[in-house]
Amino acid sequence: KNPYFSGLTAVEKKLAEYKCNTNEAIQLKLVRFPEDLEDDNTTFNPEYSHQVFGDDEVAFGYKGLKILLYYIAGNLSTLFRIEYTSKVNEKFDCVEADDVESKIREIIPPGFCTNTDDFVSLLEKEVNFKPFGMLLHTYSIHNEEGGGDTTYQIYKADMTCPGFREYHERLQTFLMWFIETASFIDVDDERWNYFLVFEKYNKDGATLFATVGYMTVYNYYVYPDKTRPRVSQMLILPPFQGEGHGAQLLETVHRYYMSSPTVLDITAEDPSENYVKLRDFVLVKLCQDLLCFSPVKLMQGFSQEMVTEAQQKLKINKQHTRRVYEILRLRATNMGDAEQSRSYRLDVKRRLIGPYKKKQRELAKMRRCLRPEEMTNQLNQIDLNLQREQLEESFQQLVSDYRRVLERLAQA
């Protein structure tokens with residue numbers, strides 16, 4: 001028997017039944033047709049809700065809680081409703097239910113619908129919705145289920161586009177549910193650029209547009225007359241994930257800035273693991289045809305020529321160019337050949353060991369002040385063995401990440 005539960009009073013047990021996991025309670029939809037409202041297959045849930053409901057991601061006070069947040073696929077007009085089977089009552093239970101509504105209202109902009117009829121009548125006007133800004137790129141993806149091709153378009157927008165400010169307020173609410181450390185940006189700062197992905201679809205013979213995802217990029221000023229765009233947020237909405245839209249978006253954004261003489265290079269703010277994998281793929285795809293990355297030059301090692309050419313032609317910074325070099329060199333290396341594979345391993349490990357060596361020097365300095373010489377040597381020996389293991393582990397992990405990039409490249 002669980003001693004915790006046996007110690008609970010009947011009241012406490014009853015109250016425990018009134019806890020709901022908010023990641024399950026929140027039901028999101030991107031609606032194209034009225035029948036989507038009833039179709040469970042169009043529903044998706046947040047990955048995170050801690051920013052709104054606290055670290056335990058729980059709402060207290062309801063049984064069968066459903067928080068409905070339905071969006072019209074294109075312009076993201078919103079239906080927000082709360083449903084539940086029962087709610088604690090202050091009079092009897094002497095406890096108060098969480099004010100779920102006001103928590104959601106804090107992150108969704110005003111002007112949402114609260115009943116389905118209003119929402120469906122807005123859906124009929126969706127045919128008038130057109131993407132914002134300037135068209136940068138059109139691509140199509142073969143649709144396995146339908147058999148046809150679906151067309152997608154990427155636009156660059158800014159706050160001067162009529163209606164975009166309000167649309168962006170609705171769009172950014174998705175960040176809270178899908179990016180762990182999301183925050184809303186200051187849209188009055190004109191140095192933000194917005195890149196949006198839309199899908200074209202047909203409805204009653206008309207062509208409509210659905211929101212697929214977006215990226216925000218901040219243009220940092222670099223003295224005297226350059227900028228360094230930094231990717232801040234990037235989100236492909238869950239129904240579209242895993243279809244290659246992230247790569248299309250990142251490549252399009254790179255190409256957009258590549259054509260600008262004032263841009264130095266492109267960076268990213270606090271990139272996630274998934275973003276790094278995506279960036280590796282896109283940058284390698286862009287770089288593989290540069291002369292400085294020919295197999296002969298790759299085998300001669302990382303060079304200043306690579307750094308210069310990647311920055312000038314493709315706006316890629318030195319750190320990212322180094323990764324591109326390692327991935328392309330792996331492709332050019334016969335890892336079954338002892339000499340080639342040893343040379344590759346040493347080359348990558350020399351880069352990986354940089355931070356360790358620095359730490360090593362700092363430790364040595366400290367120990368000279370603190371301890372007799374023989375102890376220092378012993379400790380260094382222990383450190384070195386541990387360091388070798390960690391280094392080997394990092395190397396193996398990198399190589400497996402790099403191989404995935406190369407596999408994806410081979411399929412592209």
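Considering the stretch 375-412, the residues that are among the hydroxyl-bearing types (Ser, Thr, Tyr) and at pLDDT 95 or above include one that is surrounded by the most Cβ atoms within 10 Å (Cβ to Cβ), namely Tyr402.
Listed by position, the strands (runs of 3 or more DSSP E) enclosed by the stretch 24-109 that each have at least 2 residues that are open to solvent by less than 50 Å² (accessible area, probe 1.4 Å), modelled with pLDDT of 95 or more and touching a helix residue (DSSP H, G or I) at 6+ places or on another chain (Cβ under 7 Å) are 26-31, 66-72, 78-83. Of the residues screened, Phe53 is not one that is in contact (Cβ under 8 Å) with a residue 40 or more places away in the chain, of a type outside the set (Val, Ile, Thr) and over 20 Å from Glu106 (Cα atoms). Only one of the numbered conditions (1) of a type in the set (Asp, Glu); (2) closer than 26 Å to Ile141 by Cα; (3) open to solvent by less than 70 Å² (accessible area, probe 1.4 Å); (4) assigned by the TED database to the domain that holds Ser183 is not met by Asp265, and that is (2). Under the condition of being part of a helix (DSSP H, G or I) and surrounded by 18 or more Cβ atoms within 10 Å (Cβ to Cβ), the residues counted in the stretch 332-346 number 1.
Against the numbered list (1) in contact (Cβ under 8 Å) with a residue 60 or more places away in the chain; (2) hydroxyl-bearing (Ser, Thr, Tyr); (3) touching a Gly at 6+ places or on another chain (Cβ under 6 Å), Tyr71 comes up short only at (3).
In this entry, Phe129 is excluded by the filter for residues that are under 26 Å from Ala210 (Cβ atoms), of a type outside the set (Lys, Arg), open to solvent by less than 40 Å² (accessible area, probe 1.4 Å) and in contact with a Leu (Cβ under 6 Å, 6 or more places away or on another chain).
Okay, residues lined up against (1) open to solvent by 40 Å² or more (accessible area, probe 1.4 Å); (2) within 27 Å of Arg32 (Cβ to Cβ); (3) assigned by the TED database to the domain that holds Lys313:
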{"residue": "Thr151", "(1), (2), (3)": "yes, yes, no"}
{"residue": "Thr160", "(1), (2), (3)": "yes, no, no"}
{"residue": "Glu166", "(1), (2), (3)": "yes, yes, no"}
{"residue": "Ile185", "(1), (2), (3)": "no, no, no"}
{"residue": "Pro239", "(1), (2), (3)": "yes, yes, no"}
{"residue": "Pro261", "(1), (2), (3)": "yes, no, no"}
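The set of residues in the stretch 287-323 that are open to solvent by less than 40 Å² (accessible area, probe 1.4 Å), assigned to a helix (DSSP H, G or I) and charged (D, E, K, R) comprises Glu309, Arg322.
The values are calculated or read from the model by the stated rules, or taken from the named source; none is laboratory data. Computed from a predicted structure; not experimentally measured. Cβ: placed from backbone, ideal geometry, glycine included. Neighbour counts: every protein chain shown. We work out accessible area using only protein heavy atoms, side chains counted, and drop any ligands, DNA or RNA first. Shrake-Rupley method; radii C 1.70, N 1.55, O 1.52, S 1.80 Å.
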